[in-house]
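Okay, structure first, notes after.
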Amino acid sequence: MTISNGTSDGTIRWGILGTGFIAGLQTKDLNENGFTVQAVGSRSLDSSKAFAEQYGVATAHGSYEDLVADPLVDVVYVATPHPFHHENALLALHAGKHVLVEKSFTMNAREAQDIIDLAESKGLVALEAMWTRFLPHMIRIRELIAAGTIGEVRKVVASHNQSLPQDPAHRLNDPALGGGALLDLGIYPISFAFDILGTPSAIRASAAMSATGVDRQTAAIFEYPSGAQALVDCELDAASANRAMVIGTDGWIDIEHTWYNPVPFIVHAVDGSVMERYEQPVNSRGMQFQAAELERLVKEGSTAGTILPPAETVAIMAAMDEIRKQIGLSYSADGVGAA
């Protein structure tokens, strides 16, 4: 399997759908690593123009429809809040554009499957923007596990806890905007557990809810047929070191703060001695690697890679559906008879 170095030859042209904080982070990383950012689209032309001026984007569109119709755009990065990912991604796919869709990919597994099915039917790439998967330290961790360096993996432990705005009207606290810790923060440790151990055979979850009715903090145990477990947790009103570990019969991997960023890790033997310390600084923030993976798939004529295949994105959303069912959290996107 070819591993990208996170750069581009610039021949594939990107359109940015949405002008919020995460759109700016992604665009900055694209600009700094040779990618071509051709256009940006917003529901407000003023917002689009301001974004284009700030990040040196050639074309500013005053609607998402105009962005996806732009003949000079090959790929659309969907950077809107997750309740809108389904609609926005389908819009781009129907226009014949590949899509990189921010996480959480959608609100639920049904919406995720809709996107994947349409992309597959059109021979287009639909990739979840779980940038951590494509970072160099995660590539190395998968190599070490595959080589048996820490023996049989018995446990994955990962947290994502932050102290975020507590204004009830903020999107993180608003059920109508998909608020709550799980979809915004929990997606990281959950995706990590899937990356290392695959799809769990059973899930046990617990949560504490906020005054607005979203999950303030959530924890879950994933169980696997081998007896392995993943312990994942997230919280939006209290911060932590946000470390992660992969524990095996012959040692463990300790990923430093903040584990989902491009950070060092240490491989310990069972006696605590250090077998390896890995540290590879990356250019920019590190979001360019997921974009490079999408470009690689496009150039190879493939719609699915091995690091984060579409079916796994759907399975991750299904796991979060199950967690929400257990903790009593539903959204309007779930429809009648939701959890």
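The values are calculated or read from the model by the stated rules, or taken from the named source; none is laboratory data. Values in this document were obtained by computation on a predicted structure and should not be read as measured data. No Cβ is skipped: glycine too gets one built from the backbone with ideal geometry, and neighbour counts run over all protein chains shown. Only protein heavy atoms, including side chains, enter the accessible area calculation; ligands, DNA and RNA are left aside. Shrake-Rupley method; radii C 1.70, N 1.55, O 1.52, S 1.80 Å.
General remarks:
- The range 35-73, subset more than 15 Å from Leu91 (Cα to Cα) and charged (D, E, K, R), residue most open to solvent (accessible area, probe 1.4 Å): Glu53
- Looking only at residues in the range 259-274 that are in contact with a Phe, Trp or Tyr (Cβ under 7 Å, 6 or more places away or on another chain) and in a loop (DSSP other than H, G, I, E, B), the one that is surrounded by the fewest Cβ atoms within 10 Å (Cβ to Cβ) is Pro264.
- The set of residues in the range 296-339 that are touching a strand residue (DSSP E or B) at 6+ places or on another chain (Cβ under 9 Å) and farther than 22 Å from Ser191 by Cα contains only Val298.
- Annotation note: Cβ proximity below 8 Å between a residue of the range 325-336 that is free of Cβ contacts under 8 Å to residues at least 12 places away in the same chain and a residue that is surrounded by fewer than 18 Cβ atoms within 10 Å (Cβ to Cβ) (sequence gap 6+ or interchain) occurs for Ser330/Ala338; Ser330/Ala339.
- Pick from the range 140-166, criterion of a type outside the set (Val, Ile, Thr) and in a helix (DSSP H, G or I), ranking: surrounded by the most Cβ atoms within 10 Å (Cβ to Cβ): Leu144
- Residue among Arg285, Arg296, Arg277 that alone is surrounded by fewer than 22 Cβ atoms within 10 Å (Cβ to Cβ), of a type in the set (D, E, K, R) and assigned to a loop (DSSP other than H, G, I, E, B): Arg285
- If you go through the range 168-214 and pick out every residue that is farther than 21 Å from Thr313 by Cα and over 19 Å from the mean Cα position of the chain (by Cα), you end up with 16.
- Among the residues of the range 1-21, those that are crowded, with 18+ Cβ neighbours inside 10 Å and closer than 25 Å to Asp184 by Cα comprise Gly6, Trp14, Gly15, Ile16, Leu17, Gly18, Thr19.
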